[in-house]
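Before any comments, here is the structure.
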Amino acid sequence: MTMPYSSFAWLKTDVPGSGVLNGGIEYFKHGAGCEVRLETGAIDFDFGEHGEIDGFDLWRLTKFTRGRLPCFGFGSAAQIEQSFNAAVACGDLERSGACLYYLTGTPRTLAIDIDSTQPGDKLPSQNHDKVLTLYAHYFEAADLMRENFEKLDAKLKNRGKLSRNDEVQNRIYFFTWLGFLWATCEGFKKKINMRRLLTEERPERFKELLPESDALVKLINAHWDPLREVRNNVFHLRDNPEKIRKFFSREADRLFWALELHDSLKRFFANYRIECTVHYAMNSRKGEINIGRTRRTFKA
């Protein structure tokens with residue numbers, strides 16, 4: 001199943017109220033949480049406001065230690081309560097939301113950050129997949145900016161002019177598109193190194209994407225530095241407008257190249273996501289299949 005990003009998302013999920021997990025482990029969904037009955041004992045928890053899984057309260061601690069207090073260094077439930085209240089009073093525990101407590105000063109553990117793949121499965125879960133992160137956070141931003149730019153460009157061609165507000169927005173959309181396009185290229189070529197990833201860090205069938213990946217790197221290299229200069233002048237205070245003008249020189253025809261590059265990246269990401277969907281379906285990971293869901297899903 002897809003991990004919830006909040007307690008509300010867990011409430012709205014279509015996970016059955018009870019069932020059996022792999023290994024014959026029973027679970028029982030309740031409110032904002034779940035009880036999981038392991039061989040070593042039952043674990044009962046609530047998801048935090050932002051999907052945290054490491055919150056607890058006195059009632060759950062007492063329930064968890066019931067029948068085996070000496071294993072945890074306590075002689076009675078009253079001692080647990082005293083220790084809990086003392087930890088709250090001295091600031092070792094902090095309350096968050098309605099009733100959950102967390103260790104003070106430690107990073108919260110989120111459900112969406114848990115890699116739930118089985119041993120030997122070389123395709124990471126969606127929130128750990130660097131390719132899908134590149135797609136969701138950078139390419140889809142580029143795609144949205146291009147889409148908005150082209151709508152205003154079509155409006156300009158139809159009417160012959162734009163309002164002052166539309167002109168400003170058109171410029172913002174256009175240059176932001178190029179900035180995010182380069183950020184996508186940087187991730188594809190340098191941060192991820194797509195050839196190595198497809199060869200060494202993904203299931204065998206993902207190697208079918210290698211010819212497409214190699215062609216993309218060749219296309220990226222054609223005008224790598226000029227696009228990088230545009231990106232720097234978009235996301236940093238502009239120091240030299242000549243670098244922007246250079247990118248649009250007629251001789252280089254880089255705008256056509258940027259459009260071709262964008263379309264090629266779009267096809268690659270679509271094919272990569274298809275491979276992921278096939279893998280999810282074949283490896284009992286149906287909760288990660290996104291067919292029919294909202295197009296743009298940005299994760300923090």
Just one listed residue, out of E167, E150, is assigned to a helix (DSSP H, G or I) and more than 26 Å from V131 (Cβ to Cβ), and it is E167
When restricted to L58, L132, L110, the only residue at pLDDT 90 or above and within 30 Å of E186 (Cα to Cα) is L132
Can you tell me which residues in region 153-164 are under 37 Å from the mean Cα position of the chain (by Cα) and in a helix (DSSP H, G or I)? D153, A154, K155, L156, R164
Kindly indicate whether G160 is under 24 Å from D225 (Cα atoms), open to solvent by less than 70 Å² (accessible area, probe 1.4 Å) and not polar (S, T, N, Q). no
Of the residues in region 144-157, those that are free of Cβ contacts under 8 Å to residues at least 12 places away in the same chain and open to solvent by less than 60 Å² (accessible area, probe 1.4 Å) come to A154
Expected output for region 257-271 (first residue farther than 15 Å from A222 by Cα, partner open to solvent by less than 20 Å² (accessible area, probe 1.4 Å) and assigned to a helix (DSSP H, G or I), Cβ below 8 Å, 6+ apart or cross-chain) is K266/F139; K266/D143; F268/L209; F268/S213; F268/L216; F269/V131; F269/F139; N271/L209
Pair list, Cβ under 6 Å, 6 or more apart: region 5-30 residue over 21 Å from A42 (Cβ atoms), other residue modelled with pLDDT of 85 or more and surrounded by 12 or more Cβ atoms within 10 Å (Cβ to Cβ): Y5/G51; S6/H50; S6/G51
Anything in region 1-31 that is of a type in the set (A, V, I, L, M, F, W, C), more than 24 Å from T277 (Cα to Cα) and modelled with pLDDT under 90? List them, or say none. F8, L11
Identify the residue in region 208-260 that is at pLDDT 95 or above and open to solvent by 70 Å² or more (accessible area, probe 1.4 Å) and, among all such residues, is nearest to Y272 (Cα to Cα). E208
Residues satisfying the stated conditions in region 39-73, i.e. within 23 Å of Q118 (Cβ to Cβ) and open to solvent by 70 Å² or more (accessible area, probe 1.4 Å): E39, T40
Qualifying positions in region 16-29 - surrounded by 14 or more Cβ atoms within 10 Å (Cβ to Cβ) and out of contact with any helix residue (DSSP H, G or I) (no Cβ under 9 Å at 6 or more places or on another chain): Y27, F28
Name the pairs whose Cβ atoms lie under 7 Å apart, with the first residue in region 182-197 and at negative phi and in a helix (DSSP H, G or I), the second modelled with pLDDT under 95 and open to solvent by 50 Å² or more (accessible area, probe 1.4 Å), and 6 or more positions between them or separate chains? W182/R228; W182/R231; A183/R231
Inter-residue pairs, beta-carbon under 6 Å, first at negative phi and in region 77-88, second among the basic types (K, R), 6+ apart: none
If I go through region 268-288 residue by residue, how many of them are open to solvent by less than 50 Å² (accessible area, probe 1.4 Å) and outside any helix (DSSP H, G or I)? 1
Of all residues in region 107-143 being touching a residue at least 24 places away in the same chain (Cβ under 8 Å) and over 26 Å from M194 (Cβ atoms), the one that is most open to solvent (accessible area, probe 1.4 Å): R108
Being part of a loop (DSSP other than H, G, I, E, B), more than 14 Å from D129 (Cβ to Cβ) and not small (G, A, S) narrows E242, E251, E208, E212 down to just E251
Can you give me the ranges of the helices (runs of 4 or more DSSP H) entirely in region 1-109 with at least 3 residues that are touching a Phe, Trp or Tyr at 6+ places or on another chain (Cβ under 9 Å) and over 23 Å from R285 (Cα atoms)? 58-65, 77-89
Give the residue that is nearest to the chain's Cα centre (by Cα), with candidates limited to residues of region 75-106 that are open to solvent by 70 Å² or more (accessible area, probe 1.4 Å) and either of a type in the set (D, E, K, R) or over 21 Å from H50 (Cα atoms) (or both). R95
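The values are calculated or read from the model by the stated rules, or taken from the named source; none is laboratory data. Note that this is a predicted model, so its numbers are computed, not measured. So basically every Cβ, Gly included, is an ideal-geometry build from the backbone, and we count neighbours across all protein chains shown. Remember, those area values only see protein heavy atoms, side chains included, never the ligands or the DNA or RNA. Shrake-Rupley method; radii C 1.70, N 1.55, O 1.52, S 1.80 Å.
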